[in-house]
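Worksheet for the structure shown next.
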């Protein structure tokens, strides 16, 4: 099965990520509005479909768990009130993205996933990781600016 949505054309601007900090003034009132969450969910669903027929349950389970962890941590962090927690959970999501890429490289070397599907998922994971890093950088900047 082919992974959908290789193109991730929209990145959070400084203003969009800046508005996440104060829940009352947020441009996005719920995590479902966040592009990074939406793209993470799409990637997770595509990963699940790509491995749906695999009999290699151990690596399949781990890959699916790490892909699900990316948007799940973004959603969880959106519900937090503390900037420090916000940053910590964004790092968890970013870490899960790196974990997913590592597992995809392994699955590819074991011929458990088509190389083109693997490469596409890795590109998408890197883009999502970059979006998460942009959020982290903006929040850290806001913290130091308001001190």
Would you check which residues across the stretch 93-128 are surrounded by fewer than 21 Cβ atoms within 10 Å (Cβ to Cβ), within 15 Å of residue 44 (Cβ to Cβ) and under 12 Å from the mean Cα position of the chain (by Cα) and list them? 99, 101, 122, 127
State the number of residues belonging to the stretch 130-145 that are more than 14 Å from residue 86 (Cβ to Cβ) and either crowded, with 20+ Cβ neighbours inside 10 Å or in contact with a strand residue (DSSP E or B) (Cβ under 6 Å, 6 or more places away or on another chain) (or both). 1
Which condition number does residue 60 fail, the rest of (1) under 20 Å from residue 138 (Cβ atoms); (2) in a helix (DSSP H, G or I) being met? (1)
Out of all the residues in the stretch 84-114, which are without any contact (Cβ under 8 Å) to a residue 24 or more places away in the chain and either part of a helix (DSSP H, G or I) or within 14 Å of residue 132 (Cα to Cα) (or both)? 84, 85, 88, 89, 92, 95, 102, 105, 108, 109
In the stretch 116-144, residue farthest from residue 63 (Cα to Cα) [restricted to those that are touching a helix residue (DSSP H, G or I) at 6+ places or on another chain (Cβ under 6 Å) and free of Cβ contacts under 8 Å to residues at least 60 places away in the same chain]: 136
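None of the figures in this text is laboratory data; all of them are computed from the coordinates on show. Predicted model only: the values in this text are computed from it and were never measured. Ideal geometry is used to build each Cβ from the backbone, glycine not excepted, and the neighbour counts take in all protein chains shown.
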